[in-house]
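In what follows, a structure is listed as structure tokens, so that the remarks can point back to it.
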Amino acid sequence: MLFERREAPFIAPQGDVAALMRQVLYALIPAATAYVYFFGPGFIFNLLVAAVFCAAGEAAMLRARGRPISPALKDYSAMIVAALIAFALPALTPWWVTATASLFAIVVAKHLYGGLGYNIFNPAMAGYVVVLLAFPLEMNLWVAPHIGDIDYPHLGLMDTAWYTLSGHLPPELSFEAISRATPLDTAQTGFAAMQTFEEIHQNPLMGDFAGRGWEWIANFFAIGGFWLLYRRVIRWQIPLGVILGLTIPATVFYLFGVGAHATPGFHLFGGATILCAFFIATDPVSAATSPRGRLIYGLGIGILIYCIRRWGSYADGVAFAVLLMNMAVPAIDYLTRPRIVGHAKNTLANQDD
Amino acid sequence: MTDLFLILIATILVNNFVLVRFLGLCPFMGVSRNLEAAAGMSLATAFVLTLSAAISYLLHHYILVPLQLEYLQTIGFIVVIAASVQFTEIMVRRMSPVLHQVLGIYIPLIATNCAVLGVALLNVKESNGFAESLVYGFGAATGFALVLVLFAAIRERLDVADIPAPFRGTAIALVTAGIMSLAFMGFSGMARP
């Protein structure tokens, strides 16, 4: 008879990549549910297309390199890339756009750099930026949120599936009828037309403080994010850095800036801020490694998001900000190397020793 | 003052000479193999770029324009750049042998950096004044230095990555430069007057 023998430590180890990645996927479920509730079933099709192409790209690259395929597919890292791409894309996206983003993310941004653990750039954001620049028309068609007293026509399950496959709407509907500007777009065009934020806020799409539907999705991302923090899947430095980096300039400009500025709450809950803070920027491979470096990395992303939203021509700057700070990560790591115990403090003069 | 600040932001980020205008790619690829060389190259380029932007402004406005010799622009600027590179090298060698040891081999390379000629020609094209030309040159050099140092740090990391054999070395460096250029598209639209 064999008895199970238990020895210390009794806390389950967290070293398993697949277990960590599964936690992240679970943490995205509340926000995914909210996304489908507010913006229709298109998200599910995007997720399916992205998952298929991410898995196919991963398998093809591993096969071409003569590496074992099944362990890499079982660690769910490609599925997280697929999920982040699906969250970044508009709810109605033709399949070829999603496929381009997925294949660029997995093949170029991940596997050309050597696969999981070596990629310099966040794969999902690299894929997203490619389609944002290559398919500007498709990437700017956002459907109106499905909530409360705003009554816009909505696509059913079959019509959504047909649009994903063909890129065509049913003949009785047009994009003018179903699409609406996102809250960030609304704010940007409003500011360009010299409106104050209070005037822009009159628009029913703007919701309580960061856009109907959007503010709720942000809350659900935050729930998932806090769960990841509680489970120690992610550390606090990057989310705090992103949120501070965005909120501090937003508050300073809102209170003291010349001209019209959006409220800090709008910046914090609008667009993809919370998704970025907890799920995108915290990618352990492409983020900085030392605690101080992570804080700098997060702050940099937050500040860049604010600058791109306020002064750039893109409505949301999350993907660009993440890629720009990914670029800076090797330099940040180089400059924030922790002191080795017993050695003098790192200075530029003795860093080569 | 605001104008000068906008020119600075525009040349460093929005119209970065390497990643948006695709000028100065040879040193960007050639001198980015290690961080120290990149930092040295950045310093030397910053000095020469600012100096040659100023001298070529003076050449254009006080010699070429009064004599109606604008068609000699390109060749004149090339002479100015070559001279200021040579001048920098002599000065550095005489005044600071230590600095010369660090920058020595990079200084002659700057003469072949097309960003330097690009700055001189673009200053004329955009009819910048003297202060604007100086800031334009300095901004271009700062933008060049910024991406060169970041790129060198990335390449040091790529050297130890498990990159597929056909993509090792320059191939993956070019892919990386491409993605960096994509990321810099995020700055588009900023620094409008």
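The values are calculated or read from the model by the stated rules, or taken from the named source; none is laboratory data. The model shown is predicted, which means the values in this text are computed figures rather than measured ones. Every residue, glycine among them, receives a Cβ derived from its backbone with ideal geometry; neighbour counts consider all protein chains shown. Surface areas here come from the heavy atoms of the whole protein model, side chains and all, with no ligands, DNA or RNA. Shrake-Rupley method; radii C 1.70, N 1.55, O 1.52, S 1.80 Å.
Each residue in the range A:243-258 was checked for being open to solvent by 40 Å² or more (accessible area, probe 1.4 Å) and not in a helix (DSSP H, G or I), and 1 of them qualify.
Table: residues versus (1) within 14 Å of chain B (Cβ to nearest Cβ); (2) at pLDDT 95 or above.
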position	(1), (2)
A:62	yes, no
A:70	no, no
A:77	no, no
A:105	yes, yes
A:119	yes, no
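Evaluation of residue B:81 against the conditions (1) β-branched (Val, Ile, Thr); (2) more than 14 Å from chain A (Cβ to nearest Cβ); (3) surrounded by fewer than 23 Cβ atoms within 10 Å (Cβ to Cβ) shows that the sole unmet condition is (3). Condition test on residue A:240, is it away from every other protein chain (no Cβ under 14 Å), crowded, with 21+ Cβ neighbours inside 10 Å and within 17 Å of the chain's Cα centre (by Cα)? No, not satisfied.
Pairing residues of the range A:313-336 that are more than 9 Å from every other protein chain (Cβ to nearest Cβ) with residues that are open to solvent by 20 Å² or more (accessible area, probe 1.4 Å) and of a type in the set (Gly, Ala, Ser), at Cβ distances under 7 Å and at least 6 apart in sequence or on separate chains, gives A:316/A:271; A:316/A:272; A:318/A:271; A:318/A:272.
From (1) open to solvent by 50 Å² or more (accessible area, probe 1.4 Å); (2) part of a loop (DSSP other than H, G, I, E, B); (3) at pLDDT 85 or above, pick out the condition that doesn't hold for residue A:234. Here residue A:234 clears every test but (1). Residues in the range A:156-207 that are free of Cβ contacts under 8 Å to residues at least 24 places away in the same chain, over 15 Å from residue A:42 (Cα atoms) and not in a helix (DSSP H, G or I): A:171, A:172, A:173, A:174, A:193, A:202, A:203. Residue check: residue A:216 meets all listed conditions (1) within 21 Å of the chain's Cα centre (by Cα); (2) not assigned by TED's automatic domain parsing to the domain that holds residue A:267 but one, namely (2).
Scanning the range A:309-324 for residues that are open to solvent by 10 Å² or more (accessible area, probe 1.4 Å) and in a loop (DSSP other than H, G, I, E, B) turns up A:313, A:314, A:315, A:316.
Looking at A:93, A:100, just one residue is surrounded by fewer than 23 Cβ atoms within 10 Å (Cβ to Cβ), in contact (Cβ under 8 Å) with a residue 24 or more places away in the chain and outside the structural domain of residue A:216 (by TED's automatic domain parsing), and that residue is A:100. What's the number of the condition residue A:294 fails, among (1) more than 13 Å from chain B (Cβ to nearest Cβ); (2) surrounded by fewer than 19 Cβ atoms within 10 Å (Cβ to Cβ); (3) in contact with a Lys or Arg (Cβ under 7 Å, 6 or more places away or on another chain)? Only one criterion is unmet by residue A:294, namely (2).
For residue A:228, the test of being open to solvent by 20 Å² or more (accessible area, probe 1.4 Å), outside any loop (DSSP other than H, G, I, E, B) and not charged (D, E, K, R) is failed. When residue B:171 is tested against the conditions (1) over 24 Å from residue B:10 (Cα atoms); (2) within 14 Å of chain A (Cβ to nearest Cβ); (3) within 18 Å of the chain's Cα centre (by Cα), the lone failure is (3). In this structure, residue A:128 does satisfy being within 23 Å of residue A:144 (Cα to Cα), within 11 Å of chain B (Cβ to nearest Cβ) and either surrounded by 22 or more Cβ atoms within 10 Å (Cβ to Cβ) or among the acidic types (Asp, Glu) (or both). Within the range B:84-112, if we keep just the residues that are among the polar types (S, T, N, Q) and modelled with pLDDT of 85 or more, the residue that is surrounded by the fewest Cβ atoms within 10 Å (Cβ to Cβ) turns out to be B:86. With the structure loaded, tell me whether residue A:85 is open to solvent by less than 60 Å² (accessible area, probe 1.4 Å) and touching a residue at least 40 places away in the same chain (Cβ under 8 Å) or whether it fails that test. When the stated conditions are applied, residue A:85 passes them.
Take the conditions (1) within 14 Å of another protein chain (Cβ to nearest Cβ); (2) open to solvent by 70 Å² or more (accessible area, probe 1.4 Å); (3) of a type in the set (A, V, I, L, M); residue B:182 misses just one of them, which is (2). The residue of the range A:45-68 that is least open to solvent (accessible area, probe 1.4 Å), among those that are small (Gly, Ala, Ser) and under 20 Å from the mean Cα position of the chain (by Cα), is A:50.
Tell me, please, whether a residue that is in a helix (DSSP H, G or I), more than 9 Å from chain A (Cβ to nearest Cβ) and surrounded by fewer than 21 Cβ atoms within 10 Å (Cβ to Cβ) can be found in the range B:146-162. Checking the range B:146-162: at least one residue is in a helix (DSSP H, G or I), more than 9 Å from chain A (Cβ to nearest Cβ) and surrounded by fewer than 21 Cβ atoms within 10 Å (Cβ to Cβ). Any residue in the range B:117-140 that is open to solvent by less than 40 Å² (accessible area, probe 1.4 Å), within 18 Å of residue B:33 (Cα to Cα) and in contact with a helix residue (DSSP H, G or I) (Cβ under 7 Å, 6 or more places away or on another chain)? No, that holds for no residue. Within the range B:34-64, restricting attention to residues that are over 14 Å from the mean Cα position of the chain (by Cα) and under 25 Å from residue B:155 (Cα atoms), the residue that is most open to solvent (accessible area, probe 1.4 Å) is B:36.
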